[in-house]
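Data block below; observations after.
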Amino acid sequence: IGHLQRNKVKQVVGKAALIQSVGSLELLEELEKAAARLDIVQDILLEINLAGEESKSGFPPEQALDAARMAAQLEGVRLRGLMCIPPPALRPGGNLQFFEALRQLAVDIRREIGHNKILDVLSMGMSGDYRDAVAAGSTCVRVGSALFGPRPPALPEGSPPPLPHDGRRPVNEHF
């Protein structure tokens, strides 16, 4: 679905089984506060921006260990693993290097932190490259396009939402 904004944390904590897009220390702290208010432990994945893409959120790989250490100290969140969305691959196997790098990062973090139950989830791979992701150790793939088809093109900013197929306006435009 995309990056979780800090102002939406209260709406998600306690409702999502696993939050996959924790890509900043500020977001991690907000999740901790929201989980504490509800007296729960929220499962999370750290989002890692392996390619350093400015258009994507996530921790740079060199900050992942420190973020994992911080998450492991928090009582309101449980670090379950890592997530990445690499750049679009131009050829089959083009993202294998990113998937293997994330798997190795998880191994390194697990070794440094020393928890047996930490990092049992590697969320990597989408409809176009999930086979490579699974071969590299992915335990969770995102295959929305394979199930639902390609996303419609983005509308210009300020455009009204498209009408349903039958031409009627939706009853509740908030959803």
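What to note about this one:
- Taken over the Cα atoms of the stretch 42-162, the convex hull encloses 146 Å³ per residue.
- Accessible surface, the stretch 43-91, averaged per residue in Å² (probe 1.4 Å): 50 Å²
- Placing a label point 7 Å from the Cα of residue 63 along the Cα-to-Cβ direction, the residues of the stretch 24-48 whose backbone N falls under 18 Å from that point are 24-32, 45-48.
- Charged-residue dipole, Cβ positions (Lys, Arg, Asp, Glu), the stretch 1-150 about Cα centre, Debye nearest 20: 420 debye
- The stretch 1-110 - Kirkwood radius from inverse mean 1/r over Cα pairs (Å): 14.3 Å
- Cα gyration tensor shape of the stretch 18-69, rounded if a/c is under 1.5, else prolate or oblate by comparing a/b with b/c: prolate
- Prolate/oblate/rounded call for the stretch 73-126, Cα gyration tensor, a/c under 1.5 rounded: prolate
- Residue 126 long-range amide H proximity, modeled H, under 5 Å: 142
- For residue 91, solvent-accessible area (1.4 Å; no DNA, RNA or ligand), Å²: 150 Å²
The values are calculated or read from the model by the stated rules, or taken from the named source; none is laboratory data. This is a predicted model, so every value here is computed, not measured. No Cβ is skipped: glycine too gets one built from the backbone with ideal geometry, and neighbour counts run over all protein chains shown. Side chains are part of the model used for accessible areas, which takes the heavy atoms of the whole protein and leaves out ligands, DNA and RNA. Shrake-Rupley method; radii C 1.70, N 1.55, O 1.52, S 1.80 Å.
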